[in-house]
């Protein structure tokens, strides 16, 4: 039995409802690392001066954690002193910034066949998790069109896709979610959480979020809002509750992509109306074990947009190859985007963490 469930519902992408209908493309992704190219966009340039050395690296077929370990070794520093804005896909070619302490000894060079330092500069502060605007993707899918692919791409570009969490969040074979269940059984009230269990807690909240977004889609209310609902500014973390006087304007701005409805990352204190919270709570309570634990661990819920709209989306078909390029805001998953094209198979098993 799959471990990727919330209550009795699967939270695996392939089993979650799509926004735009049946599959229009059948095939595979990640056949080669070069089929999945990620370029980090911090949204700013390092200052060029300061005590922290920043290295722009390109990694191929290794995780960000492994890349930082190799950099620490060659620069004669401790890995805990290195910083990065986010983990990038392992079976991919990824370019991202890594910050190192002032004592690091490193040059622009090829470290090994999997790692290269492209550029060195300086900044006043260490790079921290989440300190980025988004990522640019260049994806190659191998397969064939089985429907109106051009129309589907247009719908995705204008209306967006459900902002589900991808498999990376749940760990290899759902290990992070299973770890959350073990913690919930050990401490049902969620009275304490050790820092090392943060990934398990995030997986539990993400599973609940996926379940709520899926319920909105099944009920035909994916992008519906009403007075009192919590709404997010597209691509940002800030949100507000809709007033009666704003409702018509908000609905128009959702259509244009300026605003997005939200769903919760569970916590005891809700940040939306009584009505919306009641609906969301009814979904979260379908897994009473995780619900009780999460609302014990986290005092306040967090709100996350229920969709994202890719920017600069381009698609080109050549024979049995579909090439996609697009930009996504931080926290959104490329695999979720092309899941809206069809139930694509991953040719190379990802070492999720």
Item to check | Sites residue 256 and residue 219 - FRET efficiency at Förster radius 30 Å, r taken between beta-carbons, to 0.05 | outcome: 0.80
Item to check | Difference of contour (0.36 nm per residue) and Cα-Cα distance, residue 109 to residue 268 | outcome: 52.3 nm
Checklist entry - Where is the GNM fluctuation largest for the chain (alpha-carbon springs, 10 angstrom cutoff): 222, 155, 54? => result 155
Next on the checklist: What is the distance in Å between the Cα centroid of the stretch 230-282 and that of the stretch 71-86?
Outcome noted: 39 Å
Checklist entry - If eta is 1.306 mPa s and T is 10 °C, what Stokes-Einstein diffusion coefficient results for the chain, Kirkwood Rh from Cα pairs, in µm²/s? => result 74 µm²/s
Item to check | the chain - share of DSSP beta bridges that are antiparallel (%, nearest 5) | outcome: 90 percent
Checklist entry - In degrees, nearest 10, range 0 to 90: what is the angle between the Cα axis of helix 198-218 and the longest Cα principal axis of the chain? => result 40 degrees
Checklist entry - Is the shape of the stretch 182-263 best called rounded, prolate or oblate, per the rule: a/c under 1.5 gives rounded, else a/b larger than b/c gives prolate, else oblate, with a ≥ b ≥ c the square roots of the Cα gyration tensor eigenvalues? => result prolate
Checklist entry - Taking Cα centroids, how far is the stretch 110-150 from the stretch 159-179 in Å? => result 19 Å
Next on the checklist: Could you work out how much longer the chain between residue 197 and residue 275 gets when fully extended? Use 0.36 nm per residue separation minus the Cα distance between them, nm to one decimal.
Outcome noted: 24.9 nm
Checklist outcome for this item: Hull volume per residue for the stretch 44-123, using the convex hull of the C-alpha atoms, in Å³ is 78 Å³
Checklist entry - What's the exposure ranking of 93, 317, going from fewest to most Cβ atoms within 10 Å? => result 317, 93
Checklist outcome for this item: Computed over the chain, the relative contact order (Cα-Cα under 8 Å, seq sep at least six) in percent reads 25 percent
Next on the checklist: How tilted is helix 288-297 with respect to the longest principal axis of the chain? Cα atoms for both, answer in degrees (0 to 90, nearest 10).
Outcome noted: 60 degrees
Next on the checklist: Can you order the peptides 273-279, 104-110 by their average number of other Cβ atoms within 10 Å per residue, highest first?
Outcome noted: 273-279, 104-110
Checklist entry - In degrees, nearest 10, range 0 to 90: what is the angle between the Cα axis of helix 175-186 and the longest Cα principal axis of the chain? => result 60 degrees
Next on the checklist: For the chain, what does the helix formula give at 222 nm: sum of -39500 (n - 2.57) over DSSP H segments with n ≥ 4, over the residue count, nearest 500 deg cm²/dmol?
Outcome noted: -8000 deg cm²/dmol
Checklist entry - Packing-wise, with mean Cβ within 10 Å as the measure, how do 208-214, 252-258 rank, highest first? => result 208-214, 252-258
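Since every read-out is calculated from the coordinates, none of them should be taken as a lab result. Treat the numbers as computed from the prediction; the structure is a model and nothing was measured. Heads up, the Cβs are rebuilt from the backbone with ideal geometry, glycines too, and the neighbour counts pull from every protein chain shown.
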